[in-house]
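The values are calculated or read from the model by the stated rules, or taken from the named source; none is laboratory data. All figures in this text were calculated on a predicted structure; none of them were measured in a lab. Methodologically, a virtual Cβ is constructed for each residue, glycine included, from the backbone with ideal geometry; neighbour enumeration extends over all protein chains shown. Keep in mind that these areas ignore ligands, DNA and RNA; they rest on the heavy atoms of the full protein, side chains included. Shrake-Rupley method; radii C 1.70, N 1.55, O 1.52, S 1.80 Å.
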Amino acid sequence: DVGRALEGLYGPEVEKIATRLAWHFEQAGLAEKAVDYLIQAARQAVRLGANDQVIEHCTRGLALLKTLPETAQKSQQELALQILQGNVFIATRGYGSPEVKMAFTRARELCRQVGQTPQLSSVLFGLWGYYFHKVEYQVALELGEQALHLAQQQPELGALMNAHRLLGVTLFFLGEFDSAVEHMEQVISDYDPELHRPLVLLYGADPCLSALSYAALSLMYMGYPDRALAYSQEALRLARELAHPFGLAFTLLHVLWLHTVHVDTQAVLEQAEEQIALTSEHGFPQHLAVAKYHLHLARGMSGEAVESIPRIRRAIAAWRATGAQSGKSAILGGLARVCLEAGQTEDGLAISAEAIDFCCHTGERFDEATQYWVRGELLGQQGASDQEVEAEFQRSINLARQLNARLSELRATIRLCRLWQRQGRKEEARQVLAEIYGWFTEGFDSPVLLTARQLLEALQ
């Protein structure tokens with residue numbers, strides 16, 4: 001009776017007291033009604049970024065459902081709870097955690113029981129996140145294609161945007177930058193912040209934040225630094241406007257990553273502090289570990305190599321503890337570069353070999369070209385012949401060309417030309433460097449392009 005009286009009193013604003021109502025209906029023995037309000041309370045907690053409360057409401061709701069007979073309504077309610085808690089587990093435990101797999105595997109079973117449901121697209125997203133972060137990229141690609149096929153049959157634009165996002169991210173990690181940008185720019189063009197703000201409840205993150213972030217990364221590797229930085233800044237502006245803690249943490253992580261690829265050490269140092277504070281406050285262990293990695297990597301490349309190596313290793317260990325693996329080749333490659341800076345050649349070569357082996361076994365190719373020029377530098381430091389070192393640089397250049405990764409190609413070409421410069425092959429070096437440098441149409445004040453221009457002048 002108290003519950004019904006409160007419902008009447010609050011009317012359309014009843015969600016504000018959903019937790020109280022759930023308790024009253026539970027006490028009255030009306031479990032089904034109590035679960036409805038626990039779902040509302042969990043959704044409200046998601047909007048507030050109160051992750052512990054989301055898990056508490058979902059756990060209570062799932063326990064109550066066990067007391068009810070099997071009905072279509074029960075399946076619908078459990079599906080809503082599994083999606084809500086699965087999305088929170090992504091934030092608080094990491095995409096690759098067993099809790100994420102369990103929640104979304106169960107949710108997919110419930111979708112089969114329920115039949116046609118728009119929630120299937122968010123379930124496919126949750127499963128995609130798990131398999132993607134376990135670097136089962138072909139499974140992730142298939143889930144993305146299923147999501148796209150499903151979305152094309154629905155009038156609801158959010159599902160279609162999310163499907164493009166899944167495919168775009170997967171294709172980026174496979175090194176298919178052009179296709180990744182196509183999918184991401186489709187999301188960006190379709191996005192309306194007011195209309196699509198509720199999508200965070202279904203997918204745990206705003207699709208446009210992901211689209212902007214991965215379009216930026218793809219364009220950076222492809223050799224369009226200005227466009228990349230513009231997309232990244234737009235992502236950060238939108239994340240601050242949406243004021244969803246996990247969305248902001250996700251965006252800051254990708255801003256850090258972009259600045260690392262761009263070799264803008266100062267920008268990494270500035271943004272890492274904010275990300276560490278945010279992810280510590282809200283309990284996002286995967287993003288916290290990656291933020292610390294980027295911070296210590298930047299310090300390691302700024303004259304603190306020896307001190308930074310154990311800190312980078314600790315950050316990588318914390319990242320691995322969340323169950324994540326995607327991006328491992330680039331993360332290990334960064335550590336190998338700091339080992340190069342520190343003169344720890346044997347460790348650097350072992351780490352570099354692990355990164356290259358990971359690329360070969362998983363198909364993770366977006367940063368593969370980097371691994372070969374780093375190995376070339378390490379071999380040179382070890383005293384290998386110029387011929388061996390040059391072979392690694394050439395391999396890096398050839399792979400970057402295959403992937404249309406012009407920034408990676410330029411970085412490897414700089415190393416090759418420095419080698420030729422030492423050998424007295426200045427004219428040959430100048431021609432090769434001038435050709436790749438001449439391809440660029442923007443970003444001439446970027447660190448890598450400034451280095452290339454300085455080397456060109458020295459080769460005159």
ask   = Being in contact with a Lys or Arg (Cβ under 6 Å, 6 or more places away or on another chain), among the aliphatic types (A, V, I, L, M) and open to solvent by less than 60 Å² (accessible area, probe 1.4 Å), is that true of even one residue in the range 109-121?
value = no
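Looking only at residues in the range 1-22 that are surrounded by fewer than 18 Cβ atoms within 10 Å (Cβ to Cβ) and of a type in the set (A, V, I, L, M, F, W, C), which one is modelled with the highest pLDDT? Step through it out loud before you land on a result.
Applying the first criterion (surrounded by fewer than 18 Cβ atoms within 10 Å (Cβ to Cβ)) to the range 1-22 yields 1-2, 4-16, 20.
In the following step, the residues that additionally are of a type in the set (A, V, I, L, M, F, W, C) were identified as 2, 5-6, 9, 14.
Details: Val2: 47, Ala5: 47, Leu6: 50, Leu9: 42, Val14: 55.
The residue in question is Val14.
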message = Checking the conditions here, which among Arg375, Arg422 is of a type outside the set (A, V, I, L, M), surrounded by fewer than 20 Cβ atoms within 10 Å (Cβ to Cβ) and closer than 22 Å to Glu341 by Cα?
response = Arg422
remark   = Across (1) under 28 Å from His282 (Cα atoms); (2) open to solvent by less than 20 Å² (accessible area, probe 1.4 Å); (3) of a type outside the set (Phe, Trp, Tyr); (4) at pLDDT below 95, Ala140 clears everything bar (4)
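So that you can scan it fast, the table gives a plain yes or no per residue for (1) modelled with pLDDT under 95; (2) of a type outside the set (A, V, I, L, M, F, W, C):
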residue: Ser210; (1), (2): yes, yes
residue: Leu219; (1), (2): no, no
residue: Arg227; (1), (2): no, yes
residue: Ala230; (1), (2): no, no
residue: Ala239; (1), (2): yes, no
residue: Gly247; (1), (2): yes, yes
residue: Val255; (1), (2): no, no
residue: Ala289; (1), (2): no, no
residue: Ile309; (1), (2): no, no
ask   = Which of the residues that make up the range 425-455 are surrounded by 18 or more Cβ atoms within 10 Å (Cβ to Cβ), hydrophobic (A, V, I, L, M, F, W, C) and farther than 19 Å from Ala405 by Cβ?
value = Ala429, Leu455
ask   = Does any residue of the range 162-173 turn out to be more than 25 Å from Met220 (Cα to Cα) and β-branched (Val, Ile, Thr)?
value = no
inquiry  = Testing Lys134 on (1) closer than 29 Å to Gln27 by Cβ; (2) open to solvent by 20 Å² or more (accessible area, probe 1.4 Å), one condition comes back false. Which one is that?
reply    = (1)
ask   = Which one of these does Thr370 not meet: (1) over 21 Å from the mean Cα position of the chain (by Cα); (2) farther than 27 Å from Arg93 by Cβ; (3) of a type outside the set (A, V, I, L, M, F, W, C)?
value = (1)
ask   = Does Val181 qualify as being β-branched (Val, Ile, Thr), at pLDDT 90 or above, assigned to a helix (DSSP H, G or I) and open to solvent by 10 Å² or more (accessible area, probe 1.4 Å)?
value = yes
task = Look at the range 56-76 and say how many of its residues are of a type in the set (D, E, K, R) and either outside any loop (DSSP other than H, G, I, E, B) or buried (at least 21 other Cβ atoms within 10 Å of the Cβ) (or both).
result = 3
ask   = What do you reckon, is Glu270 part of a helix (DSSP H, G or I), open to solvent by 10 Å² or more (accessible area, probe 1.4 Å), touching a residue at least 40 places away in the same chain (Cβ under 8 Å) and among the charged types (D, E, K, R)?
value = no
task = Tell me which of these Ser329 doesn't satisfy, since it passes every other one: (1) under 16 Å from the mean Cα position of the chain (by Cα); (2) surrounded by fewer than 22 Cβ atoms within 10 Å (Cβ to Cβ); (3) closer than 18 Å to Ser396 by Cβ.
result = (2)
query = So is Gln53 surrounded by fewer than 21 Cβ atoms within 10 Å (Cβ to Cβ) and in contact with an Asp or Glu (Cβ under 7 Å, 6 or more places away or on another chain) or not?
reply = no
task = Quick one: count up the residues across the range 281-326 that are of a type outside the set (Ser, Thr, Tyr), open to solvent by less than 10 Å² (accessible area, probe 1.4 Å) and touching a Lys or Arg at 6+ places or on another chain (Cβ under 7 Å).
result = 1
Unique match (being open to solvent by less than 20 Å² (accessible area, probe 1.4 Å) and within 18 Å of Tyr221 (Cα to Cα)) among Leu258, Leu252 = Leu258
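Could you say whether any residue in the range 92-104 is open to solvent by less than 10 Å² (accessible area, probe 1.4 Å), over 19 Å from Ala22 (Cβ atoms), outside any loop (DSSP other than H, G, I, E, B) and of a type in the set (Phe, Trp, Tyr)?
Within the range 92-104, one or more residues are open to solvent by less than 10 Å² (accessible area, probe 1.4 Å), over 19 Å from Ala22 (Cβ atoms), outside any loop (DSSP other than H, G, I, E, B) and of a type in the set (Phe, Trp, Tyr).
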Total residues in the range 297-352, condition under 19 Å from Val135 (Cα atoms), not hydroxyl-bearing (Ser, Thr, Tyr) and not in a helix (DSSP H, G or I) = 4
key: Residue count, the range 380-415 (criterion: open to solvent by 30 Å² or more (accessible area, probe 1.4 Å), farther than 23 Å from Arg430 by Cβ and part of a helix (DSSP H, G or I))   = 4
